[in-house]
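Student: Before anything else, here's the structure in question.
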Amino acid sequence: MALFWQNVANGLTVGSLYALVAIGYTMVYGILRLINFAHGDIFMMAMYFAFFAISIFYIPWYIAIILVLVATMLLGMLIEKTAYAPIRNAPRISLLISSIGVSYLLENLATVLFTGVPRQFPSIGSLQNSLVIGGVTIQQLAIYTPVVMLILVALLLTLINKTKTGMAMRAVSKDFETAKLMGVNINRTISSTFAIGSMLAAVGAIMWGQKYPQIQPYIGVMPGLKCFIAAVIGGIGNIKGAVVGGLLLGMLEIMIVYAQPGLSGYKDAFAFVALILVLLIRPTGLFGEKVTDKV
Amino acid sequence: MSVLKTEGATMRFGGVTAVDNLNIHIENNEIVAIIGPNGAGKTTAFNMITGVYKPTSGQVLYQKPNSGNAAMENITGKRPDLIAGLGIARTFQNIRLFKEQSVLDNVLIANHVRLKNGFFSAMLHWPFYYKSEREMRERSMVLLESVGLADHANELATSLPYGLQRRLEIARALATQPQLLLLDEPAAGMNPKETEDLTQFVAQIRDDFQLTVLLIEHHMQIVMDISDRIYVLDYGKTIAHGSPAEIQGNPDVITAYLGVEEE
Amino acid sequence: MEKNKTRFRGIASGLTKNKRRNLLLSMIAIIALTVFLHFTEQGATVGSYEVRVLNLCAVYAVLALSMNLINGFTGQFSLGTAGFMAIGAYTTSLLIMPVSVKAKVFYLEPIVPWLENVHWEGNFGLFGALLVAGLITAVAAFIIGFPVLRLKGDYLAIATLGFSEIIRIVFTNTQSVTNGSTGIKSIPNTANIWWTFGVMAFFVVFMLRLMKTSYGRAFKCIRDDEVAAESMGISLFKHKMLSFVISGFMAGVGGGLMASVLGAITPLLFRFILAYDILLIVVLGGMGSITGSIVGAFLITTAKEWLRWLDAGFNIGPIKVPQIAGLRMVVFSALLMLVILFYRRGLFGNKEFSWDGMFRLIKNAPKRVAAWFKPKPKGGGAK
């Protein structure tokens, strides 16, 4: 039974991490209708930023985290400005190709800058220490991650529902052209979307590093794809959906392997199977709205 | 003999009823017009007939050509390509040509639905394939000639002037060898001269190709000139039906178009 | 008007005055290429390293054609190529490997009995293996196509990518068939330059023919406007499936050739990064251009090799750049980003090479160069 609860805690941790990164996908998709293939690589870069700040420059972790968040945010905004903004009016497929190009560039860049040799992610505070609750031993991370995730989501929802920037985001995601006519500053709104998405990815990256403390240039690819899948499961464009999708997917992965250890080799395939099932049964995801093409 | 009949065809999107209980019938070789203010549900009616939308309730019935006195076939919610195969062709309100292709290719592709040779015979270039390809090209050129586009055969479809693009879209629809042709605002954005040409053109193709025509139009001049009968839609409901003369004098129609004066 | 009429007559009768000249030029080009391949095969023109690069160029050209068919010509954004290649590569390898080599390669866990004693030898063996690889991949594409081809745009992209990854993960786990993550090595290098260029030539002719048939036109119409295509009686599903299956067949054959050229494969080779590589070739060459895919494949594959000097360290005047592993890939991906951002239609757009087009280009070249140096007229000329 203890093993069961350990796995639940584990699933919750992984699920919360997926949720944090999935929000970035869902926000960008909501506004640009773009699968930002580079999002996973932004996540990877955030891990390297944290590694350098803490392990190489010995900056205390509480300051380092802020620096990492800012650096990742700037990176996200830079990518949007250079790779997406110039072709915003091009066919959507060009945007998708551009994001694949950025992903490819970031991975190659990371290989040159940080070499392909895996690095050890520094441990932060007592997150990696264990904790015993009612006879079940879990990492402290298992408590902190969902809490941090929920706080950030609550903040984000407040931002989106209560502030002017949030209103602009909602307007742009509903109708790009009309929002523009109504005087919404499109460029700034898109920039802030990327900034927020990237920052959440950075938080996810730091926590991820506590759970799986090994970094290499391709580390972002698999989590990136899975988080996108989580966003699709929840209903792309919907933030609550991304959170639920992330938690579901994390739980699913951990619990299937717990129930059927023989399937552990196929762990990475579950997400894709789930994706294909969702797309076939309910393409709009759990919380998505149905869109009818106009003829 | 009725070519097309809708029985209580209704289309709802969420809470909005775009078309409510549509009952129209079109006789062979007729030109019938559907008119009505913007948002009256005219294009939605077309989309239900051509299978782009599946009606929420009601039926669409169709009499295949040369089927004698057989019962009408229920084509409600069939796939658009199958409906095209049965002999119903259409044009679009906002022209939808194949942009990256030549005028000739736009018409050629409409022959695909009548193609008899299979994929392998086409790839192996069997004699039968050559024959059918040559016939297709000849037929398409004749068609382009008849609509006055032969000189433009090798130009990019989107490089044509607006009026000719509309004409090409009609030619493309004709190339599927339809019995029933649906025209969605063919005169939209045309000047009076072009509109007049189009009026003659539609009447002429009806006679030349033995067609039945259903048309949506805002230009009253065209509608009154060439329609045998007119249906008037407003907010999805059919508010009037009759000959052009009857419609012109119908008070409901005048109200729908001009609005009621405030008391 | 008069000019148009004469042109129309010329096209209708299928004869242009340059046709004989073009035929002659094409024949000369084909003979020259054949002679070059002959001497290359004999080892008389370039070294074995260059031959290997040429082989890879041709293989990538086949793969680019495969992806271009579904993405560029049919407009269905599929990223499943890497998975399809894996199926083709493993099928081919397992069929053409000698029995004794199999025993050595599968040392962790013996190979399944029904594959143990299979050995298709020599050129006939490779031909059969590639054919079977293509067919199995086509069947896989057919099965995958049923669910995924109902999706559109980026959803289709992510679903095909998903299937591609599933294939790779399955191959990593089926130890007794694929030798798991260790992969397969000592695959016979039966695919020499005649094979790679031969297969490429076959598929080029195949694609040119396909695009001339009514089916090819239907693909392009689906790309341009699905709603209009369907209203013209084109079954979307049937034609998307046809394109997807043919594309799968080509990817399978391409993967098989690649296995024989490389001599060793592992599941990691078929990560979706490989699909990106091919996608970038297609984009650079031009979505919807057969010529573009060929030129793109040769350009990118050779450029990737040629840029190796970047990794080795070099001098820019007095500045000495040290040896940096991976620098060429950064430069390479940055170049590709520039193409994507500023040269979106690629080298050829959706046009094809023709002798007439080339002569026009040469004839107009002086004018175009002169135009660069002239100040631009204000307001632009009439169209």
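Since every read-out is calculated from the coordinates, none of them should be taken as a lab result. Here the structure is a predicted model, which is why all the values come from computation and not from measurement. Glycine gets a Cβ as well: all are built from the backbone with ideal geometry, and neighbour counts include every protein chain shown.
Student: Give me C:CYS57, A:CYS227 ranked fewest to most by other Cβ atoms within 10 Å of their Cβ, as a rough exposure proxy.
Tutor: Details: C:CYS57 20, A:CYS227 32.
With the fewest neighbours first, C:CYS57, A:CYS227 line up as C:CYS57, A:CYS227.
Student: Once you order the gyration tensor axes a ≥ b ≥ c over the Cα atoms, which shape class does the range A:22-217 get: rounded for a/c under 1.5, otherwise prolate or oblate by comparing a/b with b/c?
Tutor: oblate
Student: Among C:TRP120, A:TRP208, which comes first, then next, by fewest other beta-carbon atoms within 10 Å?
Tutor: Ascending Cβ contact count within 10 Å gives the list C:TRP120, A:TRP208.
Student: A further question follows. Which stretch or stretches of the range C:213-231 have amide N atoms under 14 Å from the point lying 7 Å from B:VAL16's Cα along the Cα→Cβ direction?
Tutor: None, by backbone N distance to the label point.
Student: Let me ask you something else. Could you give the distance between the Cα centres of the range B:155-170 and the range C:317-339, to the whole Å?
Tutor: For the range B:155-170 versus the range C:317-339, the Cα centre distance is 48 Å.
Student: Taking 0.36 nm per residue of separation and subtracting the Cα-Cα distance, what length does fully extending C:SER186 through C:ILE30 add?
Tutor: Result: 52.8 nm gained on full extension.
Student: Another question, if that's okay. Taking the Cα centre of chain C as the origin and placing charges on Cβ (Lys, Arg +1; Asp, Glu -1), which of C:LEU95, C:GLY313, C:PHE146 is farthest toward the positive end of the dipole?
Tutor: Most positive-ward Cα: C:GLY313.
Student: Now for a different question. In a Gaussian network model over chain B where Cα atoms closer than 10 Å are linked, find which of B:LEU124, B:LEU174, B:LEU149 has the largest mean-square fluctuation.
Tutor: Largest GNM mean-square fluctuation: B:LEU124.
Student: Could you work out the local net charge near C:GLY145, counting Lys and Arg as +1, Asp and Glu as -1, over the other residues with Cβ closer than 15 Å to its Cβ? Please list the in-between numbers first.
Tutor: Details: positive: C:ARG150, C:LYS152, C:LYS238, C:LYS240; negative: none.
In short, +4.
Student: Let me ask something else about it. Could you go through the range B:124-133 in sequence order and give the Karplus-derived ³J(HN,Hα) for each residue, using 6.51 cos²θ - 1.76 cosθ + 1.60 with θ = phi - 60°, rounded to whole Hz, and x for Gly and Pro?
Tutor: Per residue, the Karplus-derived 3J(HN,Hα) values read 7, 6, 5, x, 4, 5, 4, 4, 5, 5 Hz.
Student: Using DSSP to call loops (not H, G, I, E or B), can you name the GluC sites (Glu not before Pro) in the range B:161-258 whose Cβ has at most 10 other Cβ atoms within 10 angstrom? Walk me through the intermediate numbers first.
Tutor: On the way: sites: B:GLU169, B:GLU194, B:GLU196, B:GLU217, B:GLU246; in loops: B:GLU217.
Loop-located and lightly packed - none at all.
Student: While we're here: Provide the per-residue ³J(HN,Hα) series for the range B:23-29, in order, calculated from phi with Karplus coefficients 6.51, -1.76, 1.60 and θ = phi - 60°, each as a whole number of Hz, with x at glycine and proline positions.
Tutor: 3J(HN,Hα) across the range B:23-29, in whole Hz: 10, 10, 9, 10, 8, 4, 6.
Student: If you plug each phi of the range A:183-193 into the Karplus form 6.51 cos²θ - 1.76 cosθ + 1.60 with θ = phi - 60°, what whole-Hz ³J(HN,Hα) values come out, in order, with x for Gly and Pro?
Tutor: Karplus values, whole Hz, x for Gly and Pro: x, 6, 6, 4, 4, 5, 4, 5, 4, 5, 4.
Student: For chain A, what does -39500 (n - 2.57) per DSSP helix run (n ≥ 4), summed and divided by total residues, give at 222 nm, in deg cm²/dmol to the nearest 500?
Tutor: -23000 deg cm²/dmol
Student: Still on this model: Which one, B:GLN200, B:GLY41, B:GLY242, is farthest towards the positive end of the dipole of chain B when Lys and Arg carry +1 and Asp and Glu -1 on their Cβ?
Tutor: So the residue furthest toward the plus end is B:GLY41.
Student: Sum -39500 (n - 2.57) across every DSSP H segment of at least 4 residues in chain B, then divide by the residue count to get the 222 nm mean residue ellipticity, nearest 500.
Tutor: -11000 deg cm²/dmol
Student: Sticking with this structure for a sec: Taking the Cα-to-Cβ direction at A:ILE63 and at C:ILE362 and moving 7 Å from each Cα, how far apart do the two end points lie in nm?
Tutor: About 6.8 nm separates the two model spin labels.
Student: Using a simple charge model, +1 on the beta-carbon of Lys and Arg, -1 on the beta-carbon of Asp and Glu, nothing else, what dipole does chain B show about its Cα centre, in debye to the nearest 20?
Tutor: 1260
Student: Right, something else. Looking only at other chains, what is the average number of their beta-carbon atoms within 10 angstrom of each beta-carbon in B:238-250? Don't jump to the answer; show the numbers that get you there.
Tutor: On the way: counts 0, 0, 0, 0, 0, 0, 0, 0, 0, 0, 0, 0, 0.
Neighbouring Cβ atoms belonging to other protein chains average 0 per residue here.
Student: At a threshold of 8 angstrom on Cα-Cα distance, excluding pairs fewer than six apart, so keeping six or more, what relative contact order does the range B:2-258 reach in percent?
Tutor: That works out to 27 percent.
Student: May I pose another question? Hey, fewest Cβ within 10 Å first, where do A:VAL148, B:VAL19 land in order?
Tutor: Sorted ascending by nearby Cβ count, the order is A:VAL148, B:VAL19.
Student: Among A:SER130, C:ILE111, C:PHE244, whose Cα sits farthest toward the positive end of the charge dipole of the protein assembly as shown (+1 at Cβ of Lys/Arg, -1 at Cβ of Asp/Glu, about the Cα centre)?
Tutor: Positive-end residue among those listed: C:ILE111.
Student: Rounded to the nearest 0.05, what FRET efficiency do A:ASP175 and C:PHE127 give with R0 = 41 Å and r taken as the Cβ-Cβ distance? Could you check? Walk me through the intermediate numbers first.
Tutor: Numbers: r = 57 Å, r/R0 = 1.38.
Taking R0 as 41 Å, the efficiency between A:ASP175 and C:PHE127 is 0.10.
Student: Right, here's the next one. Within chain B, what percent of beta bridges assigned by DSSP are antiparallel, to the nearest 5? Provide the component values of the computation, followed by the final result.
Tutor: Values: 20 of 36 bridges.
Here the antiparallel bridges make up roughly 55 percent for chain B.
Student: Same structure, new question: Name all residues of the range B:73-113 having a backbone nitrogen under 15 Å from the label point set 7 Å from the Cα of B:ASN28 along its Cα→Cβ direction, giving them as ranges.
Tutor: B:73, by backbone N distance to the label point.
Student: Measuring from centroid to centroid over Cα atoms, what is the spacing of the range A:209-283 and the range C:352-367 in Å?
Tutor: The distance from the Cα centre of the range A:209-283 to that of the range C:352-367 comes to 52 Å.
Student: Based on the Cβ-Cβ distance of A:ASN89 and C:VAL331, what FRET efficiency does E = 1/(1 + (r/R0)^6) give at R0 = 25 Å, to the nearest 0.05?
Tutor: 0.30
Student: Mark the label point 7 Å from the Cα of B:LYS116 along Cα→Cβ and return the residues of the range B:148-180 whose backbone N is within less than 16 Å of it.
Tutor: B:177
Student: Sticking with this structure for a sec: Assuming R0 = 45 Å, can you tell me the calculated FRET efficiency for the pair B:GLN221 and A:LYS162, based on Cβ-Cβ distance, to the nearest 0.05?
Tutor: Details: r = 55 Å, r/R0 = 1.22.
After rounding to 0.05, the efficiency reads 0.25.
Student: Using a ≥ b ≥ c from the Cα gyration tensor of the range C:25-355 (square roots of the eigenvalues), is it rounded, prolate or oblate, where a/c under 1.5 gives rounded and otherwise the larger of a/b and b/c decides, a/b for prolate?
Tutor: Here the range C:25-355 falls in the rounded category.
Student: Check the straight Cα-Cα distances from B:LYS54 and name the lysines below 17 Å, setting aside those fewer than 8 residues away within the same chain.
Tutor: Qualifying lysines at Cα under 17 Å: A:LYS290, A:LYS294, B:LYS5, B:LYS42, B:LYS78.
Student: Using the Cα centre as the reference, give the magnitude of the dipole from point charges on the C-beta atoms of the range C:25-355 (Lys, Arg: +1; Asp, Glu: -1; all else neutral), rounded to the nearest 20 debye.
Tutor: Here the range C:25-355 has a charge dipole of around 380 debye.
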